[in-house]
Every structure is written in structure tokens, then in C-alpha cells.
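Written below as C-alpha cells is the structure these notes are about.
None of the figures in this text is laboratory data; all of them are computed from the coordinates on show. Nothing here was measured: the structure is a model prediction, and the numbers come from that model. As a convention, Cβ positions derive from the backbone with ideal geometry for all residues, glycine included, and neighbour counts pool all protein chains shown.
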Amino acid sequence: MMLFSNLRVLTKNSLSVVFLLGLVVLAGCQSDPDIDINSLVDSVEPADVLYNQALANMNAGKLTEATRKFDAIDRQHPFSEYARKALVLNAFAKYRSGRNQEAITNARRFLNLYPNDPDAAYAQYIIGLAYFRQIPDVTRDQRASARAIAAMQEVIDRYPESEYVDDAKAKIRKSRDQLAGKEMQIGRYYQERKEYLASVNRYKVVVQQYGNTRQVEEALARLVESYYAMGLTSEAQTAAAVLGHNYPDSQWYADSYKLLQTGGLEPRENKGSWISRAARRVALGTPS
């Protein structure tokens, strides 16, 4: 009996000590000007209030504040209808504010959670836009171009009736032209150093894989130059013939014709050449 009585006294005294310690800590926090007690507790606001505040901030161009509100909805009301709406709008707001990777992350999360949602096409489109915005000039790595193409192709393949298809196709054309431009930049680099086989391989990629970009015209002319320099006159003549057939008024064709004439040659297509086969397979210079 004495044991239980002592235990009760000990427990009561221990609780008192804990309570007093808590008061001391609280008092210390209140006296420290660098600590905001209110910040220690994440205040919860109604989802609709946060959502409307976020929309108002978006309309006012306050994108950082809008994303903060959308993030709060996701954190405080993760299973609400407002959380679903906020997630895709948050992706757009982050894209508009230049936070491209965060926009991609939000949009992908939306697609994982709501793959059949009416806004799924929009989320996929945002991913494509975010990658497209990151495409650098042709002197730099073009992985963003390839990713933009893949993302926009998803829009076309998965949501063929969506309003974003036309712009997705336009972005793909521009991204493909960028990839072709990169091949041209490397090809010219090799050609300037008289590494003609390496330059031919780069121009060949443009003609075979990017024949419907604006880069193909120069690629054919560069093939004429490179093949002529290598002494492969039949291939040079074929490249010039294909160039003249597709771009008869081109300055590139005029220059290629003059180059062949210096050797007593003229454009003549060899139907067995890879250049001729590529021209038959692809509508050169015609956007897809």
C-alpha cells in the first residue's frame, strides 16, 4: 500500500516538473525576439479560401504567392476536390514563373493521380511546354529538344481531340529543327577541319531523319561540297540534283551547281544512292 502511495506522489511530482519545464520553455520562446511561436504551428485555412486566394493572385500576376496557396491546399487538404484542381493550376503557375522542373513534377503527379481527368491533356501539354522552354541554342546539349518532342507527341497520341494538338505539332516541328540544327553545327565543324567523312555522317542524319526541316536545304549543299572534296563525284552530283529538284530557286543550289561546273560536272541523280532513296521516302522540306 505504501508502494502505490509513493508511486502516486512520484507521478504527480514528475508531471508537475514537466509542466513547469514546459512553462519555462514557452516563456523563453516568448522572450526570444527571433522565434515566432505562431510559425511553429501551420495554420489551416479552408480549401475554398486558399483556392480563391490563389486564383486572385494568378489573375494579379502574383505567381509566387499563387503557388504558395496551391501548395498549401495540397498540404492541408490533399484529398479534396480543390486539391485536384489546384495541382494542375499549380503546374501552370510554376511554368509561367520559370520553375520548369517543378511544373513538370506537378503535372506528372497530376497525371499519375488522375490519368482520366478532363485536364489530363492540359497537364501533359504543360510538361511539353516546360521542356520546350528549356531548349538552348544549337551549340549546346539538345536533350531538352528531344524531351519536348516526346512530351508533345504524348499530347497528340493520347489526346488527339484536345485543343492542344495543333500547338503540340508546331512545337515538335521547331524542336526537330533544333535537333537538325545541332547536327548541322557539328557537321560544319568537321567540314571546316576537312574531316569530310565525319561531316557527311552528320549531314546524312539531317537528310534521313530531319528531311522535313528547314535544315535539309543546307545539308544537301554541304553534302555536295563534302563529297566533291572527297572525290565522290557521283554522290556530289546526286546531292545537287536532289537539291535542285526540291529547291530550284535556292542560292544553295546555285552555289552547288557552280562547284560542280568547276570540275566539268553537272547535277545528275543516281537512283541507287542513299540520297535519292531518302528523297523518295521523305518529302524534303515539307513540314510534317
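Here is how the numbers come out for the structure above:
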{"read-out": "Backbone HN-Hα couplings from phi across the range 232-238 [Karplus 6.51/-1.76/1.60, Hz, Gly and Pro as x]", "value": "8, 5, 5, 5, 4, 5, 5"}
{"read-out": "Relative contact order for the range 47-177, counting Cα pairs under 8 Å that sit 6 or more residues apart, in percent", "value": "16"}
{"read-out": "Cα centroid separation, the range 51-93 to the range 199-268 (Å)", "value": "54"}
{"read-out": "Mean separation of Cα contacts under 8 Å, 6 or more apart, over the residue count of the range 183-281: relative contact order %", "value": "24"}
{"read-out": "Using θ = phi - 60° and Karplus 6.51 cos²θ - 1.76 cosθ + 1.60, couplings along the range 170-176 (whole Hz; Gly, Pro as x)", "value": "5, 5, 5, 4, 5, 5, 5"}
{"read-out": "Loop-resident sites, the range 173-218, for GluC sites (Glu not before Pro), counting at most 15 other Cβ within 10 Å (DSSP)", "value": "Glu195"}
